[in-house]
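Working notes for the structure below.
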Amino acid sequence: MGTPPKPEPFAARLHVIPRLIRPLQTAIVRAFRAYFERAPGWMLLTTRGRQTGLAREVLLPCVRTPHTIITMSTYGMRSDWIRNLKKDPAVRVTCNGQVVPARAEIVDDLARKRALVTAHPFFAPAPFAIVHAVVLTFFRPILVALLRQWVTVRPVVVLHVTDTATLSMR
């Protein structure tokens, strides 16, 4: 008898959506690139395609700490960028106006995932500083409770920045 399969988030069944909206997301990133390169709570992650070896860029919500950047996958392990990371964890991250090299670690341990989002909660729906400030102060307990549940069936990714001298975190 093998081990039972890990539970997947419902969204994993919808993993084709990012592929379908890729042209729209690419157009949005192209039009607002200067903003998203500096926006609080967002990053552009560049991975190496697992099949083509070409650079692949995706816009993701995140939280920044002095030496790491933390994000998670809505679509679980079916996300193309997660599957790219599994093959090659060396990445480039564009955030806070800088491009830095990093090494990705996919965290699957539930206790560690919950500890990470409890210590470093983040809010992605609106990339505006005032919204982040309100949510991360007044609504922090609610946000943490939701994130702790959200990561139950989703991987958390910790990007260990390899050149922290050039990255000033905000």
Query - Condition broken by residue 139, with the remaining ones in (1) in contact with a helix residue (DSSP H, G or I) (Cβ under 7 Å, 6 or more places away or on another chain); (2) at pLDDT 75 or above; (3) of a type outside the set (Ser, Thr, Tyr) satisfied - result: (1)
Query raised in the report: Which one of 56, 50, 83 is among the basic types (Lys, Arg), surrounded by 14 or more Cβ atoms within 10 Å (Cβ to Cβ) and assigned to a strand (DSSP E or B)?
Result: 56
Report task. May I ask you to verify whether residue 102 is in contact (Cβ under 8 Å) with a residue 24 or more places away in the chain, farther than 24 Å from residue 145 by Cα and either surrounded by 15 or more Cβ atoms within 10 Å (Cβ to Cβ) or not aliphatic (A, V, I, L, M) (or both)? Result -> yes
Report task. Identify all residues within the range 86-99 that are farther than 19 Å from residue 65 by Cβ and surrounded by 21 or more Cβ atoms within 10 Å (Cβ to Cβ); write none if there are none. Result -> none
Query raised in the report: Give me the pairs: first residue in the range 25-50 and at pLDDT below 85, second residue surrounded by 17 or more Cβ atoms within 10 Å (Cβ to Cβ) and basic (Lys, Arg), beta-carbon distance under 9 Å, and six or more apart or on different chains, which are they?
Result: 40/64; 41/64
Query raised in the report: For the range 94-106, what are the residues that are modelled with pLDDT under 95 and either closer than 19 Å to residue 155 by Cα or of a type in the set (Val, Ile, Thr) (or both)?
Result: 94, 99, 100
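The values are calculated or read from the model by the stated rules, or taken from the named source; none is laboratory data. Quantities reported herein were computed from a predicted structural model and do not represent experimental measurements. Cβ atoms come from the backbone with ideal geometry, glycine included; neighbour counts cover every protein chain shown.
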